[in-house]
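For reference, the structure is listed below as C-alpha coordinates.
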Ligand code: SF4
(Lines give C-alpha, C1' and ligand atoms only; values in the text may rest on other atoms or scores of the structure.)
Protein backbone atom coordinates (compact mmCIF):
# COMPACT_ATOMS: atom_id res chain seq x y z
CA UNK A 1 0.00 0.00 0.00
CA UNK A 2 1.52 3.33 -1.00
CA UNK A 3 2.33 5.66 1.78
CA UNK A 4 -0.14 8.45 2.12
CA UNK A 5 1.28 11.60 3.60
CA UNK A 6 -1.28 13.92 5.03
CA UNK A 7 -0.25 17.53 5.32
CA UNK A 8 -2.23 19.54 7.77
CA UNK A 9 -2.31 23.13 6.67
CA UNK A 10 -3.02 25.30 9.65
CA UNK A 11 -4.48 28.57 8.54
CA UNK A 12 -3.55 31.26 11.00
CA UNK A 13 -5.84 34.25 11.27
CA UNK A 14 -4.26 37.67 11.40
CA UNK A 15 -4.74 39.39 14.75
CA UNK A 16 -4.76 42.77 13.00
CA UNK A 17 -7.81 41.74 11.02
CA UNK A 18 -9.99 41.99 14.15
CA UNK A 19 -11.74 45.01 15.54
CA UNK A 20 -12.16 44.93 19.31
CA UNK A 21 -15.76 43.72 19.11
CA UNK A 22 -14.88 41.07 16.55
CA UNK A 23 -12.07 39.87 18.79
CA UNK A 24 -14.36 39.53 21.82
CA UNK A 25 -16.68 37.44 19.69
CA UNK A 26 -13.79 35.30 18.42
CA UNK A 27 -12.46 34.62 21.92
CA UNK A 28 -15.90 33.88 23.34
CA UNK A 29 -16.61 31.41 20.55
CA UNK A 30 -13.40 29.66 21.56
CA UNK A 31 -14.27 29.47 25.25
CA UNK A 32 -12.47 32.58 26.52
CA UNK A 33 -13.76 35.73 28.17
CA UNK A 34 -14.33 39.32 27.16
CA UNK A 35 -11.69 40.56 29.62
CA UNK A 36 -9.13 38.40 27.80
CA UNK A 37 -9.76 40.50 24.69
CA UNK A 38 -9.11 43.62 26.75
CA UNK A 39 -5.87 42.15 28.10
CA UNK A 40 -4.63 41.15 24.65
CA UNK A 41 -5.54 44.48 23.03
CA UNK A 42 -3.74 46.22 25.87
CA UNK A 43 -0.59 44.13 25.33
CA UNK A 44 -0.53 44.70 21.62
CA UNK A 45 -1.81 48.22 21.05
CA UNK A 46 -0.72 49.88 24.29
CA UNK A 47 2.36 47.95 25.45
CA UNK A 48 3.27 47.14 21.82
CA UNK A 49 4.15 43.54 22.65
CA UNK A 50 4.21 41.37 19.56
CA UNK A 51 5.01 38.03 21.16
CA UNK A 52 2.16 36.11 22.77
CA UNK A 53 4.65 34.28 25.04
CA UNK A 54 5.49 37.53 26.79
CA UNK A 55 1.88 38.32 27.74
CA UNK A 56 2.46 37.36 31.35
CA UNK A 57 -1.06 37.90 32.71
CA UNK A 58 -2.64 35.43 30.27
CA UNK A 59 -3.10 31.79 31.18
CA UNK A 60 -0.74 29.26 29.61
CA UNK A 61 -3.71 27.74 27.87
CA UNK A 62 -4.75 31.04 26.28
CA UNK A 63 -1.20 31.82 25.13
CA UNK A 64 -1.03 28.38 23.54
CA UNK A 65 -4.34 29.01 21.79
CA UNK A 66 -3.21 32.41 20.51
CA UNK A 67 0.12 31.10 19.23
CA UNK A 68 -1.55 28.28 17.37
CA UNK A 69 -4.34 30.27 15.82
CA UNK A 70 -3.18 33.81 15.23
CA UNK A 71 -0.30 35.54 13.54
CA UNK A 72 0.90 38.98 14.36
CA UNK A 73 2.58 39.94 11.15
CA UNK A 74 1.91 39.81 7.46
CA UNK A 75 3.78 42.95 6.46
CA UNK A 76 7.55 43.10 6.43
CA UNK A 77 9.53 46.32 6.50
CA UNK A 78 11.88 45.91 3.55
CA UNK A 79 13.63 49.18 4.24
CA UNK A 80 13.15 52.66 5.47
CA UNK A 81 14.78 55.91 4.47
CA UNK A 82 15.19 58.73 6.92
CA UNK A 83 15.69 62.45 6.71
CA UNK A 84 15.47 65.07 9.46
CA UNK A 85 11.70 65.26 9.60
CA UNK A 86 10.57 62.27 7.54
CA UNK A 87 10.78 58.49 7.53
CA UNK A 88 9.70 56.59 4.48
CA UNK A 89 8.84 52.91 4.88
CA UNK A 90 8.72 50.30 2.15
CA UNK A 91 6.63 47.26 3.13
CA UNK A 92 6.37 43.90 1.48
CA UNK A 93 2.99 42.18 1.69
CA UNK A 94 2.26 38.45 1.99
CA UNK A 95 1.82 38.17 -1.77
CA UNK A 96 5.17 39.96 -2.38
CA UNK A 97 3.57 43.22 -3.47
CA UNK A 98 5.01 46.50 -2.20
CA UNK A 99 3.41 49.47 -0.51
CA UNK A 100 4.78 52.42 1.37
CA UNK A 101 4.00 54.79 4.21
CA UNK A 102 5.53 58.09 5.23
CA UNK A 103 5.98 59.33 8.78
CA UNK A 104 6.28 63.11 9.12
CA UNK A 105 7.52 64.70 12.32
CA UNK A 106 5.74 68.01 12.89
CA UNK A 107 6.35 70.26 15.86
CA UNK A 108 2.80 69.43 16.99
CA UNK A 109 3.06 65.63 16.62
CA UNK A 110 3.76 62.64 14.44
CA UNK A 111 1.68 62.06 11.37
CA UNK A 112 1.59 59.01 9.12
CA UNK A 113 0.48 58.91 5.53
CA UNK A 114 -0.66 55.39 4.72
CA UNK A 115 -1.44 53.47 1.53
CA UNK A 116 -4.85 51.99 0.85
CA UNK A 117 -4.24 50.05 -2.38
CA UNK A 118 -1.45 48.28 -4.23
CA UNK A 119 -1.05 50.69 -7.15
CA UNK A 120 -3.85 53.00 -8.26
CA UNK A 121 -6.18 53.12 -11.24
CA UNK A 122 -6.90 56.83 -11.11
CA UNK A 123 -3.93 57.63 -13.34
CA UNK A 124 -3.22 61.20 -12.22
CA UNK A 125 -0.49 62.39 -14.56
CA UNK A 126 1.77 63.84 -11.85
CA UNK A 127 1.70 60.79 -9.58
CA UNK A 128 4.25 57.96 -9.33
CA UNK A 129 1.63 55.63 -7.82
CA UNK A 130 -0.72 56.21 -10.70
CA UNK A 131 1.89 54.82 -13.10
CA UNK A 132 1.62 51.47 -11.37
CA UNK A 133 -1.85 50.12 -12.04
CA UNK A 134 -3.95 48.92 -9.16
CA UNK A 135 -3.30 45.24 -8.40
CA UNK A 136 -5.66 45.05 -5.49
CA UNK A 137 -7.16 46.81 -2.50
CA UNK A 138 -5.37 46.59 0.79
CA UNK A 139 -7.10 44.56 3.46
CA UNK A 140 -8.11 46.19 6.71
CA UNK A 141 -5.26 44.41 8.54
CA UNK A 142 -2.68 45.67 6.05
CA UNK A 143 -3.60 49.27 6.80
CA UNK A 144 -3.65 48.52 10.51
CA UNK A 145 -0.23 46.88 10.41
CA UNK A 146 1.37 49.87 8.68
CA UNK A 147 0.63 51.91 11.79
CA UNK A 148 1.59 49.20 14.24
CA UNK A 149 4.93 48.46 12.58
CA UNK A 150 5.89 52.13 12.40
CA UNK A 151 5.04 52.64 16.08
CA UNK A 152 6.88 49.54 17.22
CA UNK A 153 9.95 50.08 14.99
CA UNK A 154 10.55 53.66 16.06
CA UNK A 155 9.01 53.32 19.52
CA UNK A 156 6.73 56.29 18.97
CA UNK A 157 3.09 57.20 19.36
CA UNK A 158 1.40 58.31 16.16
CA UNK A 159 -0.85 61.34 16.64
CA UNK A 160 -2.50 61.70 13.27
CA UNK A 161 -3.17 59.68 10.15
CA UNK A 162 -3.76 60.74 6.58
CA UNK A 163 -5.02 58.30 3.97
CA UNK A 164 -3.14 59.85 1.13
CA UNK A 165 -0.44 57.30 0.25
CA UNK A 166 -0.66 54.88 -2.65
CA UNK A 167 -4.23 54.35 -3.84
CA UNK A 168 -7.57 56.11 -3.85
CA UNK A 169 -9.13 55.49 -0.40
CA UNK A 170 -12.71 55.76 -1.67
CA UNK A 171 -11.98 53.03 -4.20
CA UNK A 172 -11.52 50.75 -1.14
CA UNK A 173 -14.37 52.28 0.82
CA UNK A 174 -15.48 49.53 3.22
CA UNK A 175 -11.98 48.65 4.43
CA UNK A 176 -11.07 52.31 4.78
CA UNK A 177 -14.15 53.06 6.84
CA UNK A 178 -13.52 50.07 9.10
CA UNK A 179 -9.90 51.18 9.51
CA UNK A 180 -10.87 54.74 10.47
CA UNK A 181 -13.31 53.53 13.12
CA UNK A 182 -10.76 51.02 14.42
CA UNK A 183 -7.81 53.40 14.87
CA UNK A 184 -10.16 55.85 16.58
CA UNK A 185 -11.10 53.19 19.18
CA UNK A 186 -9.68 53.82 22.67
CA UNK A 187 -8.60 50.13 22.85
CA UNK A 188 -6.30 50.54 19.84
CA UNK A 189 -4.30 53.51 18.52
CA UNK A 190 -6.83 55.96 19.97
CA UNK A 191 -6.32 58.54 17.24
CA UNK A 192 -8.93 61.28 17.50
CA UNK A 193 -11.28 61.34 14.52
CA UNK A 194 -10.34 64.98 13.97
CA UNK A 195 -6.76 63.80 13.50
CA UNK A 196 -7.71 61.39 10.72
CA UNK A 197 -7.96 62.69 7.16
CA UNK A 198 -9.20 60.90 4.07
CA UNK A 199 -8.06 62.34 0.80
CA UNK A 200 -9.92 61.63 -2.42
CA UNK A 201 -9.34 62.61 -6.02
CA UNK A 202 -13.08 63.29 -6.25
CA UNK A 203 -15.23 60.16 -6.38
CA UNK A 204 -18.49 62.01 -6.00
CA UNK A 205 -20.87 59.19 -4.92
CA UNK A 206 -18.41 58.20 -2.19
CA UNK A 207 -18.10 61.80 -0.97
CA UNK A 208 -21.89 61.78 -0.56
CA UNK A 209 -21.76 58.40 1.19
CA UNK A 210 -18.96 59.60 3.48
CA UNK A 211 -21.02 62.70 4.34
CA UNK A 212 -23.74 60.41 5.66
CA UNK A 213 -21.45 58.39 7.96
CA UNK A 214 -21.55 59.30 11.62
CA UNK A 215 -17.82 59.95 11.91
CA UNK A 216 -15.86 63.09 12.55
CA UNK A 217 -12.86 62.35 10.32
CA UNK A 218 -11.64 65.06 7.97
CA UNK A 219 -12.11 65.12 4.24
CA UNK A 220 -9.56 66.43 1.74
CA UNK A 221 -10.12 66.81 -1.98
CA UNK A 222 -7.21 66.63 -4.39
CA UNK A 223 -8.35 69.30 -6.81
CA UNK A 224 -5.09 70.44 -8.44
CA UNK A 225 -6.83 72.44 -11.18
CA UNK A 226 -9.11 75.43 -11.42
CA UNK A 227 -11.12 74.46 -14.50
CA UNK A 228 -12.29 71.27 -16.22
CA UNK A 229 -10.11 71.60 -19.32
CA UNK A 230 -6.99 71.66 -17.18
CA UNK A 231 -8.20 69.04 -14.73
CA UNK A 232 -9.14 66.66 -17.57
CA UNK A 233 -5.50 66.79 -18.63
CA UNK A 234 -4.08 66.27 -15.17
CA UNK A 235 -6.57 63.85 -13.64
CA UNK A 236 -8.51 61.24 -15.63
CA UNK A 237 -11.19 61.04 -12.95
CA UNK A 238 -12.37 64.51 -13.97
CA UNK A 239 -13.83 63.05 -17.14
CA UNK A 240 -16.16 61.04 -14.88
CA UNK A 241 -16.86 63.64 -12.18
CA UNK A 242 -16.48 67.28 -13.20
CA UNK A 243 -15.40 70.11 -10.91
CA UNK A 244 -19.03 71.27 -10.70
CA UNK A 245 -20.12 67.82 -9.46
CA UNK A 246 -17.28 67.80 -6.92
CA UNK A 247 -18.25 71.25 -5.67
CA UNK A 248 -21.88 70.17 -5.30
CA UNK A 249 -20.83 67.11 -3.29
CA UNK A 250 -18.58 69.30 -1.12
CA UNK A 251 -21.44 71.65 -0.38
CA UNK A 252 -23.50 68.62 0.63
CA UNK A 253 -20.68 67.33 2.87
CA UNK A 254 -20.22 70.72 4.56
CA UNK A 255 -23.97 71.15 5.10
CA UNK A 256 -24.34 67.64 6.48
CA UNK A 257 -21.27 67.60 8.76
CA UNK A 258 -20.60 71.26 9.43
CA UNK A 259 -16.93 70.44 8.93
CA UNK A 260 -14.26 72.28 7.01
CA UNK A 261 -12.84 70.59 3.92
CA UNK A 262 -9.23 70.73 2.80
CA UNK A 263 -8.57 71.45 -0.85
CA UNK A 264 -5.22 70.06 -1.98
CA UNK A 265 -3.64 71.97 -4.84
CA UNK A 266 -0.31 70.74 -6.22
CA UNK A 267 1.55 73.58 -7.90
CA UNK A 268 3.10 72.63 -11.26
CA UNK A 269 5.26 75.18 -13.02
CA UNK A 270 3.48 76.82 -15.99
CA UNK A 271 0.70 74.23 -15.88
CA UNK A 272 -1.73 75.18 -13.11
CA UNK A 273 0.12 77.93 -11.26
CA UNK A 274 -0.80 81.01 -13.34
CA UNK A 275 -2.41 84.00 -11.68
CA UNK A 276 -5.65 83.31 -13.51
CA UNK A 277 -5.71 79.80 -12.00
CA UNK A 278 -5.55 81.34 -8.54
CA UNK A 279 -8.42 83.72 -9.40
CA UNK A 280 -10.49 80.85 -10.84
CA UNK A 281 -9.82 78.77 -7.74
CA UNK A 282 -10.81 81.62 -5.44
CA UNK A 283 -14.01 82.00 -7.42
CA UNK A 284 -14.83 78.30 -7.16
CA UNK A 285 -14.31 78.25 -3.40
CA UNK A 286 -15.82 81.61 -2.50
CA UNK A 287 -17.99 81.42 0.61
CA UNK A 288 -17.29 77.72 1.28
CA UNK A 289 -15.95 76.37 4.56
CA UNK A 290 -12.67 75.17 3.07
CA UNK A 291 -9.00 75.79 3.34
CA UNK A 292 -6.54 75.37 0.54
CA UNK A 293 -3.30 73.50 1.01
CA UNK A 294 -0.83 74.56 -1.68
CA UNK A 295 1.67 71.78 -2.26
CA UNK A 296 5.02 72.48 -3.90
CA UNK A 297 5.65 69.64 -6.38
CA UNK A 298 8.34 67.10 -5.44
CA UNK A 299 10.37 66.61 -8.66
CA UNK A 300 12.07 63.30 -9.44
CA UNK A 301 14.35 62.23 -12.27
CA UNK A 302 11.27 60.78 -14.03
CA UNK A 303 9.01 63.79 -13.55
CA UNK A 304 7.35 65.32 -16.58
CA UNK A 305 6.46 68.40 -14.52
CA UNK A 306 8.53 70.96 -12.72
CA UNK A 307 8.13 72.56 -9.37
CA UNK A 308 6.66 76.07 -9.42
CA UNK A 309 9.02 78.98 -8.81
CA UNK A 310 8.99 80.23 -5.25
CA UNK A 311 7.90 83.70 -6.34
CA UNK A 312 4.90 82.22 -8.19
CA UNK A 313 3.94 80.03 -5.23
CA UNK A 314 3.85 83.14 -3.05
CA UNK A 315 1.88 85.08 -5.65
CA UNK A 316 -0.66 82.27 -5.93
CA UNK A 317 -0.95 82.25 -2.15
CA UNK A 318 -1.44 86.04 -2.05
CA UNK A 319 -4.21 86.00 -4.63
CA UNK A 320 -6.14 83.43 -2.64
CA UNK A 321 -5.56 85.29 0.61
CA UNK A 322 -6.71 88.61 -0.88
CA UNK A 323 -9.85 86.86 -2.06
CA UNK A 324 -10.62 85.70 1.48
CA UNK A 325 -9.70 82.06 0.98
CA UNK A 326 -8.00 80.32 3.92
CA UNK A 327 -4.74 79.03 2.54
CA UNK A 328 -1.43 77.52 3.64
CA UNK A 329 1.67 76.40 1.80
CA UNK A 330 2.59 72.88 2.79
CA UNK A 331 6.00 72.44 4.32
CA UNK A 332 8.17 70.27 2.10
CA UNK A 333 9.00 66.99 3.75
CA UNK A 334 11.82 64.59 3.00
CA UNK A 335 13.05 66.10 -0.25
CA UNK A 336 16.30 64.22 0.07
CA UNK A 337 14.51 60.87 0.27
CA UNK A 338 11.88 59.47 -2.09
CA UNK A 339 9.09 61.06 -0.13
CA UNK A 340 6.46 61.73 -2.76
CA UNK A 341 3.69 59.16 -2.88
CA UNK A 342 4.80 56.02 -4.74
CA UNK A 343 8.43 56.95 -5.36
CA UNK A 344 10.04 54.36 -3.11
CA UNK A 345 7.78 51.58 -4.37
CA UNK A 346 8.38 52.61 -7.93
CA UNK A 347 12.16 52.39 -7.40
CA UNK A 348 11.78 48.90 -5.95
CA UNK A 349 9.52 47.71 -8.77
CA UNK A 350 11.99 49.13 -11.35
CA UNK A 351 14.74 47.03 -9.80
S1 LIG B 1 -2.71 61.04 -6.86
FE2 LIG B 1 -3.80 59.55 -5.60
S3 LIG B 1 -5.62 59.06 -6.84
FE4 LIG B 1 -4.17 60.05 -8.24
S5 LIG B 1 -3.03 58.32 -9.15
FE6 LIG B 1 -1.89 59.02 -7.35
S7 LIG B 1 -2.57 57.68 -5.70
FE8 LIG B 1 -4.07 57.53 -7.34
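The values are calculated or read from the model by the stated rules, or taken from the named source; none is laboratory data. All values reported here derive from a predicted model rather than from experimental measurement. Glycine also receives a Cβ, built like all others from the backbone with ideal geometry; neighbour counts cover every protein chain displayed.
Residue-level check: of (1) closer than 17 Å to residue 264 by Cβ; (2) away from the ligand (no atom under 16 Å from the Cβ), residue 204 misses just (2). Among the residues of region 55-69, not a single one is within 16 Å of the ligand (Cβ to nearest atom) and in contact with a helix residue (DSSP H, G or I) (Cβ under 7 Å, 6 or more places away or on another chain). Residues in region 136-161 that are farther than 17 Å from residue 178 by Cα and surrounded by 18 or more Cβ atoms within 10 Å (Cβ to Cβ): 149, 150, 151, 158. Quick check on region 53-71. Is at least one of its residues free of Cβ contacts under 8 Å to residues at least 60 places away in the same chain and under 16 Å from residue 149 (Cβ atoms)? There is at least one residue in region 53-71 that is free of Cβ contacts under 8 Å to residues at least 60 places away in the same chain and under 16 Å from residue 149 (Cβ atoms).
The residue pairs whose first member lies in region 154-170 and is over 16 Å from residue 193 (Cβ atoms) and outside the structural domain of residue 48 (by TED's automatic domain parsing), whose second member is more than 16 Å from the ligand (Cβ to nearest atom) and assigned to a helix (DSSP H, G or I), and whose beta carbons are closer than 8 Å, counting only pairs six or more residues apart or on different chains, are 156/150; 157/151. When residue 208 is tested against (1) in contact (Cβ under 8 Å) with a residue 40 or more places away in the chain; (2) crowded, with 21+ Cβ neighbours inside 10 Å; (3) under 30 Å from residue 248 (Cβ atoms), just one condition goes unmet, and that condition is (2). Working carefully through the options 134, 82, 88, find the one that is in contact with a strand residue (DSSP E or B) (Cβ under 9 Å, 6 or more places away or on another chain) and within 14 Å of the ligand (Cβ to nearest atom). Checking each option against the conditions leaves just 134. Taken as a whole, the structure leaves residue 254 outside the set of residues that are within 16 Å of the ligand (Cβ to nearest atom) and either in contact (Cβ under 8 Å) with a residue 24 or more places away in the chain or in contact with a strand residue (DSSP E or B) (Cβ under 9 Å, 6 or more places away or on another chain) (or both). Only a single item in (1) free of Cβ contacts under 8 Å to residues at least 60 places away in the same chain; (2) within 16 Å of the ligand (Cβ to nearest atom); (3) over 19 Å from residue 164 (Cα atoms) is not met by residue 267, and it is number (3).
So that you can scan it fast, the table gives a plain yes or no per residue for (1) surrounded by 13 or more Cβ atoms within 10 Å (Cβ to Cβ); (2) modelled with pLDDT under 95; (3) not assigned by TED's automatic domain parsing to the domain that holds residue 222:
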| position | (1), (2), (3) |
| --- | --- |
| 289 | yes, no, no |
| 301 | no, yes, no |
| 304 | no, yes, no |
| 315 | yes, no, no |
| 320 | yes, no, no |
| 329 | yes, yes, no |
| 332 | yes, yes, no |
| 336 | no, yes, no |
| 340 | yes, yes, no |
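Collect the residues in region 188-205 that are surrounded by fewer than 18 Cβ atoms within 10 Å (Cβ to Cβ) and closer than 30 Å to residue 48 by Cβ, keeping them in residue-number order. Quick ask: steps written out before the conclusion?
Taking region 188-205 as the starting set, the residues that turn out to be surrounded by fewer than 18 Cβ atoms within 10 Å (Cβ to Cβ) are 190, 192-194, 205.
Within region 188-205, 190, 192, 193, 194 qualify.
Restricting the search to region 228-244, which residues are buried (at least 16 other Cβ atoms within 10 Å of the Cβ) and either closer than 16 Å to residue 290 by Cα or over 25 Å from the mean Cα position of the chain (by Cα) (or both)? Passing the criteria: 230, 243.
Total residues in region 211-241 satisfying the condition of being without any contact (Cβ under 8 Å) to a residue 40 or more places away in the chain, in contact with a helix residue (DSSP H, G or I) (Cβ under 9 Å, 6 or more places away or on another chain), away from the ligand (no atom under 16 Å from the Cβ) and within 19 Å of residue 285 (Cβ to Cβ): the figure is 1.
Every residue, every condition in (1) closer than 19 Å to residue 221 by Cα; (2) in a helix (DSSP H, G or I); (3) in contact with a helix residue (DSSP H, G or I) (Cβ under 6 Å, 6 or more places away or on another chain), yes or no:
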residue: 282; (1), (2), (3): yes, yes, yes
residue: 295; (1), (2), (3): yes, no, no
residue: 299; (1), (2), (3): no, no, no
residue: 305; (1), (2), (3): no, no, no
